Structure formats: C-alpha cells, structure tokens
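Visitor: Shown below is the structure under consideration.
The values are calculated or read from the model by the stated rules, or taken from the named source; none is laboratory data. Model, not experiment: these values are computed from the prediction. Cβ placement follows ideal geometry from the backbone for every residue including glycine, while neighbour counts extend to all protein chains displayed. These area figures cover heavy atoms from the full protein model, side chains too; ligands, DNA and RNA do not enter into them. Shrake-Rupley method; radii C 1.70, N 1.55, O 1.52, S 1.80 Å.
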Amino acid sequence: MKASEAEILIVPGYTNSGPGHWQTRWQSRLATSRRVEQAEWSKPVREDWVRRMIEEVEAATKPVVIVAHSLGVATAIHAVPQVGHKIAGAFLVAPPDVANPDIRPKHLMTFGPYPRDPLPFPSLVVASRNDPFGTYEHADDIANAWGSMIVDAGDSGHINAESGHGPWPEGGMVFAQFLSRLKP
C-alpha cells in the first residue's frame, strides 16, 4: 500500500505530540494523514478518547492506517471492536503499561487493561528496553496476544522528542516498510 491509498490517522498520547515530536513531523510530511484531536489532552477520559477515535475511523473514505504513540495505542486498541473492519494496519509505538498500579498520572490506568484479542489487521509494535511507562516484556506480551510483530528499539526511552526521537528517521523507514506490506 502507498500512503496515498490510505488515510493515516495519527493518534497521540497523553498531552498530545508537540511540534518536535516524530508524530507531528510525520503528519506534516504525509499528505493523507490527520490527527485524532482530543478535547482534553491533559485529563484523558477513556470513553471520550475512544469515541473520537471511532468517529475519525468512521469518517474515513479510504482504508485506515493507525500511527499511535503511548496512550494513543490504548485508545486505538479499545476502538478496534467497533471499527477494526475499516483498519488496514496499525503502527503502535511505546505502548504504556496501563494496568500498572505504579503508573503516573494515576488516571492513565483508566485505559487499562488492554484487550488481548488478536487484532483483525496487520500490526507492528515498536518498544524500547528502557521506556519509563512500560517494560519491553510487557510490550512483547501484548504484541504476542494481538498477533503483532514487535520491533526492539533498544534503549530508546519513551520514543518521543524528550528521548531524542524528534525526526526519528529509523522509525520512518520501519513505517514505510510496514506500509508497503499492507493491502489497499
């Protein structure tokens, strides 16, 4: 699949992805992409975030490819039962362990636990070995449950601008390869 054959939904996590974040940079370069905007970025409510995600997928006129980061991964996964049939693939980066009682801020736990049903579309999880919001072992476990491929990003922190992943060219190459394997 080519990017022009899909609607690429950028699904940011908690507090949104700022101007230096790789999601924002990708969105500016991918003509068929748009961001799933949330009314409340700093006080996420699972039902509201999932509803917005469903609305954006349902509005699509082409196959949807999800590009989710952090809490955006949980949002996308919770929307799958309603809109999975319209999703061609999902690129899921730095999934936080939303069932971990030590997670901060605490209200992020309302997005857990993740559903463990296999996803009805191809998916790829990119996970770091030293992500402060979720262990690699947790990411590997949920990727296995979902039937996702997993990419080991090494010691990459939370794979965001703060961890030095502003442009993130390596991620862009992995995404391009993933996209090329999807069927329109």
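Visitor: Most mobile of S70, S17, S42 per a Gaussian network model of the chain (Cα springs, under 10 Å)?
Guide: S42
Visitor: What full-extension length gain, to one decimal in nm, is calculated for N130 and R34 as 0.36 nm per residue of separation minus the Cα-Cα distance?
Guide: Taking 0.36 nm per residue and subtracting the Cα distance, the gain is 31.6 nm.
Visitor: Within the chain, how many Lys pairs that are eight or more residues apart, or on different chains, come under 16 Å at the alpha-carbon?
Guide: Values: K2/K62; K2/K183; K43/K106; K62/K86; K62/K183; K86/K183.
Count of close lysine pairs: 6.
Visitor: Further question: Could you give me the radius of gyration and the Dmax of the stretch 130-184, taking only the C-alpha atoms into account and expressing both in angstrom?
Guide: Taking only Cα atoms of the stretch 130-184, I get Rg and Dmax of 12.6, 36 Å.
Visitor: Nothing charged except the Cβ atoms of Lys and Arg (+1) and of Asp and Glu (-1): what's the magnitude of the dipole of the chain about its Cα centre? Round to the nearest 20 debye. Mind showing how you got there, number by number?
Guide: Numbers: 17 positive and 20 negative charges, 106 e Å.
Result for the chain is approximately 500 debye, rounded to the nearest 20.
Visitor: In Å and whole numbers, how far do the C-alpha atoms of the stretch 45-88 stretch along each principal axis, longest first?
Guide: 27, 17, 14
Visitor: Would you work out if the chain is rounded, prolate or oblate? Take a ≥ b ≥ c from the square roots of the eigenvalues of the alpha-carbon gyration tensor; rounded if a/c is under 1.5, else prolate when a/b is larger than b/c, oblate otherwise.
Guide: Working: a/c = 1.28, a/b = 1.16, b/c = 1.10.
Because its axes are fairly even, with a/c under 1.5, the chain counts as rounded.
Visitor: Report the residues of the stretch 42-77 in range of a label on S4: point 7 Å along Cα→C-beta, backbone N strictly under 17 Å from it.
Guide: Residues passing the 17 Å test: 62-63.
Visitor: Springs between alpha-carbon pairs under 10 angstrom, Gaussian network model over the chain: which of K62, K86, K106 fluctuates most?
Guide: Judging by the Gaussian network model, the answer is K106.
Visitor: Based on the Kirkwood radius over alpha-carbon pairs, what value in µm²/s does the Stokes-Einstein equation return for the translational diffusion coefficient of the stretch 85-160 at 20 °C and 1.002 mPa s? The partial results should precede the final answer.
Guide: Numbers: Rh = 12.7 Å.
Using the Kirkwood radius from Cα pairs, D works out to 169 µm²/s.
Visitor: Accessible area per residue, 1.4 Å probe, Å², for the chain: what's the number? Before the final figure, lay out each step's value.
Guide: Details: 8320 Å² over 184 residues.
Accessible area per residue, the chain: 45 Å².
Visitor: Right, next: Once amide H atoms are placed 1.01 Å from N in the peptide plane, what residues at a sequence separation of 5 or more from S33, or on another chain, have their amide H within under 5 Å of its amide H?
Guide: Under 5 Å from the amide H of S33: I8.
Visitor: Kirkwood Rh, the stretch 1-100, all Cα pairs: how many Å?
Guide: 13.4
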